[in-house]
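Data first, discussion second: the structure below is written as structure tokens.
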Amino acid sequence: MCAWQNFASAWPPLRPKAIGGLGVIMSIETVRKALLWCAVINYGILIVWFLFFVLAHDWMYLLHGRWFRFSVEQFDVLHYAGMSIYKLGIILLNVVPYIALHIARRA
């Protein structure tokens, strides 16, 4: 038997290894539920950030103005860009994998 046949017969491994030595193996359904909860929590954080930005704009500007020197326009751009990047991260790292696992479950 050649090396290729030995490799092919050994792949894939017959039994996945336990996570953390606890004997618990995470299912796709568990990962899917975790991604959903991560998306919900992250969108909650984004909403709180937005509400603080809208309702307590002056207070936030004064608070950050103690440490950094920038104009109100720069402050607004910084927070708008930050919220945009955070939202993009939520979509790419939580929502898209959740949808992919949801689609894979049906296949």
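The values are calculated or read from the model by the stated rules, or taken from the named source; none is laboratory data. All of these numbers come straight from a predicted model, not from anything done at the bench. Virtual Cβ from ideal backbone geometry, glycine too; neighbours counted across all protein chains shown.
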Task: Residue check, Lys33 within 15 Å of the chain's Cα centre (by Cα), modelled with pLDDT under 95 and assigned to a helix (DSSP H, G or I) - done: yes
Open item on the list: Against the conditions (1) of a type in the set (D, E, K, R); (2) outside any helix (DSSP H, G or I); (3) at pLDDT 95 or above, where does Lys17 fall short? Just the number, please.
Closed with: (3)
Open item on the list: Show the residue pairs meeting these rules: Cβ distance below 7 Å; 6+ apart or different chains; first residue within region 46-68 and closer than 24 Å to Leu88 by Cβ; second residue of a type outside the set (A, V, I, L, M).
Closed with: Leu46/Tyr86; Leu46/Lys87; Phe53/His79; Met60/Phe52; Met60/Phe53; His64/Phe75
TODO: Those residues that are within 21 Å of Leu92 (Cβ to Cβ) and of a type in the set (D, E, K, R), I need them from region 29-45; list them, please.
DONE: Arg32, Lys33
Open item on the list: Cβ-Cβ under 7 Å, sequence separation 6+ or interchain: first residue in region 88-100 and surrounded by 13 or more Cβ atoms within 10 Å (Cβ to Cβ), partner basic (Lys, Arg). Which pairs?
Closed with: Tyr98/Arg32
